[in-house]
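The values are calculated or read from the model by the stated rules, or taken from the named source; none is laboratory data. Since we're looking at a predicted model, the values are computed, not measured. Here Cβ is always computed from backbone atoms with ideal geometry, including for glycine, and neighbour counts include all displayed protein chains. The area values use the complete protein model at the heavy-atom level, side chains included, leaving out ligands, DNA and RNA. Shrake-Rupley method; radii C 1.70, N 1.55, O 1.52, S 1.80 Å.
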Amino acid sequence: MVDLRAQLDEVRARFAPECAHAATTQEIEALRVRYLGKKGEITLVLRGMGQLPAEDRPAAGQAANEAREALEAALAAREAVVAADERAARMARERIDVTLPGLRSPMGARHPLTKAIDEICGVFLGLGYSIAEGPEVELDRYNFEMLNTPAGHPARDTQDTFYVSDTVLLRTQTSPVQVRVMESTRPPIRIVCPGRVYRSDTIDATHSAVFHQIEGLAVDKGITMGDLVGSLQLYARRLFGEGTRIRLRPHHFPFTEPSAEVDVSCWVCGGKGCRTCKGEGWVEMLGAGMVHPKVLAGCGIDPEVYSGFAFGIGVERTAMARFGIEDMRALYENDVRFLVQFK
Ligand code: DAH
C-alpha cells in the first residue's frame with residue numbers, strides 16, 4: 001500500500017515539470033497518452049493493485065483516482081493556456097491590416113492623337129458623315145494610280161514610301177479610301193476616314209515616318225466649293241473656337257481641281273502674329289479641293305452629273321496645335337509623364 005502510494009507520488013513528481021513545460025497542444029496530448037492512456041504510467045501502477053490485500057484496495061483505489069484527477073486537471077489547465085497562446089500566435093500570423101492603403105492601378109488618359117481623331121470625326125459625324133476605313137498595306141493602284149497620280153508623276157517623289165512589292169505599298173495618305181468608297185458605293189457619299197499613313201521621312205520635331213490623317217469626302221449632285229468652305233469653316237470653329245476663320249491658298253493636288261491648302265487663323269493671338277503661328281497669324285492645317293473629274297469617272301461616277309469635295313487633315317499637326325505640343329516625337333514615346341497631362 002505504502003509502496004503503491006510512493007509509486008503514484010513518484011509519477012506525479014515526474015509529470016509536474018513535464019506538464020509545466022509542454023508548449024503545444026500536441027505535446028499535451030502526448031503527455032495524456034503517456035500518463036493516462038491505456039498503457040500509461042498511472043494505469044501501470046493500478047495494475048499492481050491486484051497484489052494488494054483486499055482491505056487495502058479501497059484506499060489504494062482512492063489514491064489512484066486522486067492522482068488521475070490531479071493529472072487530468074493539470075493537463076486541462078495547461079492545455080487552456082497553450083491553446084490560447086497558439087490561437088494568439090495564429091491570429092498574429094494571419095493578421096490583415098485593413099487600414100493599409102490598397103494597391104492602386106493608376107487611371108490612364110486617352111492619347112492626344114485619339115482625342116484629336118475623336119474630336120475631328122465628331123464634327124463631321126454631326127454633319128451626317130459616316131466613318132470609313134481602308135487597309136494600311138495598299139495597292140499602288142488605289143494610293144496613286146486612281147488618284148490621278150500615274151507612275152512617273154512628280155507628286156510620287158514627295159511621298160516616297162515603303163514598297164512591299166512593285167504594286168503593293170504602305171499607304172502614303174488616306175486618300176485611297178476615297179477611291180475604295182466611290183468604287184463600292186453610289187452617291188450621295190459623305191465619309192471621313194481616320195488612319196495611319198507612312199512615308200520614308202526622317203524623324204524630327206515635326207516629321208514622322210508613321211503618322212495619321214483624316215480623309216473627308218462628299219459626293220452628290222450640285223456640290224460646290226462653297227460647300228467645302230462652309231464645312232471646313234465649321235470644323236475650324238468647333239476645334240479652335242468660335243472666332244476662328246479659315247483661309248484657302250491655291251495649291252496643287254493631282255486628285256482635286258481646283259486644290260487648296262487651308263490655313264486656320266491663329267487661336268492663340270487671333271491673327272495678330274505670335275510664337276504659335278510664327279508671326280504669320282495663320283497656321284496651315286489641311287489640304288482640300290474639288291474631286292477631279294478623272295477620279296470620279298475612274299470610279300464609275302459620272303462627273304457630268306455628280307461633283308464632290310475632299311480634304312485631308314493632318315492629325316498630329318492638329319493635336320499639337322490643339323494641345324500645345326511642341327515636339328511630335330512626344331506623341332510616340334509613351335511616356336506617362338507626358339500622357340497624364342491630357343486627362
Ligand atoms: N492626301 C494629301 C496629302 O497627304 C492631303 C489631301 C489634299 C487630301 C487634298 C485630300 C485633298 O483629300 O483633297 O498630302
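Helix by helix through the chain, keep the DSSP H runs that span 24 Å or more along the axis on Cα and average at least 1.6 on Kyte-Doolittle, and give those back in order.
Details: long enough: 2-21 (29 Å, -0.37); 57-93 (53 Å, -0.28).
Helices meeting the span and hydropathy rule in the chain: none at all.
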**Report entry** Point-to-point label distance, residue 115-residue 98, nm (Cα→Cβ direction, 7 Å offset)
**Finding:** 3.9
Query raised in the report: What cysteines in the chain have no other cysteine with a beta carbon less than 4.7 Å from their beta carbon?
Result: 19, 121, 193, 299
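What GluC sites (Glu not before Pro) in the stretch 74-114 are in a loop by DSSP, with at most 11 other Cβ atoms within 10 Å of the Cβ?
Details: sites: 79, 86, 94; in loops: 94.
In loop regions of the stretch 74-114 (DSSP not H, G, I, E or B), the sparsely surrounded GluC sites (Glu not before Pro) are 94.
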Query raised in the report: If the cut-off is a Cα-Cα distance under 29 Å, which lysines reach residue 294, setting aside same-chain residues fewer than 8 apart in sequence?
Result: 221
Query raised in the report: Most fluctuating residue of 21, 252, 153 in a GNM of the chain with Cα springs under 10 Å: which is it?
Result: 21
Query - Cα gyration tensor of the stretch 2-93 - equivalent ellipsoid semi-axes, whole Å, descending - result: 32, 10, 10
**Report entry** Relative intensity, log₁₀ I(q)/I(0), of the chain from a Debye sum that treats every alpha carbon as a point, q = 0.11, 0.13, 0.14 Å⁻¹
**Finding:** -0.81, -0.99, -1.10
Query - Solvent-accessible ranking of 172, 206, 114, largest area first, probe 1.4 Å - result: 206, 114, 172
Query raised in the report: From a point 7 Å beyond the Cα of residue 268 in the direction of its Cβ, which residues of the stretch 317-341 have a backbone N at a distance under 13 Å?
Result: 320-327
Query raised in the report: Over the chain, what is the mean sequence separation of C-alpha contacts under 8 Å (at least six apart), divided by residue count, expressed as relative contact order in percent?
Result: 15
Query raised in the report: What Kirkwood radius, in Å to one decimal, follows from the Cα pairs of the stretch 128-175?
Result: 11.4
Query raised in the report: What GluC sites (Glu not before Pro) in the stretch 192-263 are in a loop by DSSP, with at most 10 other Cβ atoms within 10 Å of the Cβ?
Result: 242
**Report entry** the chain - mean residue ellipticity at 222 nm from DSSP helices (-39,500 (n - 2.57) per run, n ≥ 4, rounded to 500)
**Finding:** -13000 deg cm²/dmol
Report summary line: Per the rule of 0.36 nm per residue minus the C-alpha distance, extending residue 30 to residue 165 adds in nm 40.2 nm
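Only bridges with both residues in the chain count here: give the DSSP antiparallel percent, nearest 5. Provide the component values of the computation, followed by the final result.
Numbers: 43 of 45 bridges.
Percent antiparallel among DSSP bridges in the chain is about 95.
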Query raised in the report: Which residues in the stretch 261-287 have a backbone N closer than 15 Å to a point placed 7 Å from the Cα of residue 245 along the Cα-to-Cβ line?
Result: 263-273, 280-283
Report summary line: In a Gaussian network model of the chain with springs linking alpha carbons closer than 10 Å, the residue among 118, 56, 157 that fluctuates most is 56
Query raised in the report: If you line up the Cα atoms of the stretch 269-343 on their principal axes, what length do they span on each, largest first, in Å?
Result: 53, 34, 19
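What trypsin sites (Lys or Arg not before Pro) does the stretch 119-177 have in DSSP loop regions with at most 12 other beta carbons within 10 Å? Please report the intermediate quantities before stating the final value.
Numbers: sites: 141, 156, 171; in loops: 171.
Sparse-neighbourhood loop trypsin sites (Lys or Arg not before Pro): none present.
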Requested in this report: State the percentage of accessible surface on the chain attributable to carbon and sulfur atoms; use a 1.4 Å probe and exclude ligands, DNA and RNA.
Outcome: 54
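Expressed in nm to one decimal, what extension gain is obtained for the pair residue 183 and residue 204 from 0.36 nm per residue of sequence separation less their Cα-Cα distance?
Values: separation 21, 0.36 × 21 = 7.56 nm, distance 3.70 nm.
Fully extending the segment from residue 183 to residue 204 adds 3.9 nm.
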Report summary line: Length gained if residue 342 through residue 76 is fully extended, taking 0.36 nm per residue and subtracting the Cα-Cα distance, is 88.9 nm
